[in-house]
Amino acid sequence: MRAVIFIVLVTAARAFAQLPQEAACEVAVVRAPDDARATIEQILASEHCTTSLQVRVIPTTGGLYLIATDDHGRVRERVVPDATSAGVLIASWSADDGVAGSIAPPAPSPSTWQGPPRVPYGDTFHPPSSVVPEGVPEGALDGDDTDAGEPPPNVPRPKRFLAFGVGLGANSAYGIRAEVDVLAHAGWTVGLMGFLTGQTMRVDDPAKFQTLDAQVVDYGAAVTVRRIVRWADWHLRFGAGLGVLASTVNLDQVAYSATRVARGSGTAAALWAEGAVFLGHSIGETKKWELEIGPTASYAEETWDIADTMSTLTRQAGSFQVIAQLRRGL
């Protein structure tokens, strides 16, 4: 009797061992933030499933946007508040072969059926919904998943910038400037600019038989209106500025006679106008820094009454400089 019981037990054990076992949960999280991935994989480690899934987890303003594709080509998507909710929901999807909310693929014709559609690991994925949840960055659902990590960020480009520049021009001219965008809309900006320029020039006065060596320093403030056109990381920025200019001039008045030498100085203020064109490029991946360079042409009309020389000096001409600027997004 004992031998019979032993034989029955052995036979039952072998039969049980040959029964099909429940498959391990095959859920591939091919894209997710690192912290969410760790939480989801920890939850899935203690679960069983009947349906393999490929899951993508995209951060949004409302939490986490989940997209899961199973072996039959069905797609499930949901927005959940946190990683724990995402793990529980993904586990329920993988344990149910026909959960509500999935999007079934169109039925293939018998002549073209080649097996269930499955998105290969690393291939481009296109979301099933025509409306992507709010907060998903543009392009976050495109591209490959080979990094098996967080999607590359779609960094928004600042609309307003703060710029610092230096310039060189004719007549030993030099200059520094700062400009800030106050308003920005549809590629147009309105800003404020302050600048300091200096130059040295030789002025001949045949009427008085004299030559003037003039050192001019300009201080100015202006309102600017610019238009910016972008393509990829390049931009073209052009526009005009209108403001006020205050200038000081120091003269060395040297006559043709070596016995006549005089010096004098004066100040003047006037309206000032400028036109500028800049070509620039973004620096780094944050798109908050830009470098640009371009020509500027300005005009101001000033008259100085020069002390100690009993003379008047008038400047009625334009000034040309090439400006290089570093811009920082606000």
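Each value in this text was obtained by applying a stated rule to the coordinates, not by laboratory testing. Here the structure is a predicted model, which means the values were calculated and not measured. Cβ placement follows ideal geometry from the backbone for every residue including glycine, while neighbour counts extend to all protein chains displayed.
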Rough spin-label spacing in nm, given labels placed 7 Å along Cα→Cβ, for residue 26 and residue 219
7.7 nm
Specify the inter-centroid distance of the range 163-184 and the range 63-86, based on alpha-carbon positions, in whole Å.
52 Å
Please find the FRET efficiency linking residue 188 to residue 48, where r is the Cβ-Cβ separation and R0 is fixed at 56 Å, and quote it to the nearest 0.05.
0.40
Order by neighbour count: 282, 94, 265, fewest other Cβ atoms within 10 Å first, most last.
265, 282, 94
If you take the beta carbon distance between residue 160 and residue 71 as r and set R0 to 41 Å, what does 1/(1 + (r/R0)^6) give as a FRET efficiency, to the nearest 0.05?
0.25
³J(HN,Hα) across the range 54-63 via Karplus (A = 6.51, B = -1.76, C = 1.60, θ = phi - 60°), whole Hz, x for Gly/Pro?
10, 10, 10, 10, 10, x, 9, 5, x, x
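First measure r as the distance between the Cβ atoms of residue 283 and residue 201, then evaluate 1/(1 + (r/R0)^6) with R0 = 45 Å and state the FRET efficiency to the nearest 0.05.
0.80
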Would you mind ranking 217, 27 so that the residue whose beta carbon has the fewest other beta carbons within 10 Å leads the list?
217, 27
In a shell of Cβ-Cβ distance under 10 Å around residue 162, excluding residue 162 itself, what net charge do Lys and Arg (+1) and Asp and Glu (-1) give?
+1
Summing Lys, Arg as +1 and Asp, Glu as -1, what charge do residues with Cβ under 13 Å from the Cβ of residue 231 carry, residue 231 excluded?
+2
With label points set 7 Å from each Cα along the Cα-to-Cβ direction at residue 265 and residue 176, the distance between them in nm comes to 2.0 nm
For the residue pair residue 60 and residue 38, what label-to-label distance in nm results when each label sits 7 Å from Cα along the Cα-to-beta-carbon direction?
2.6 nm
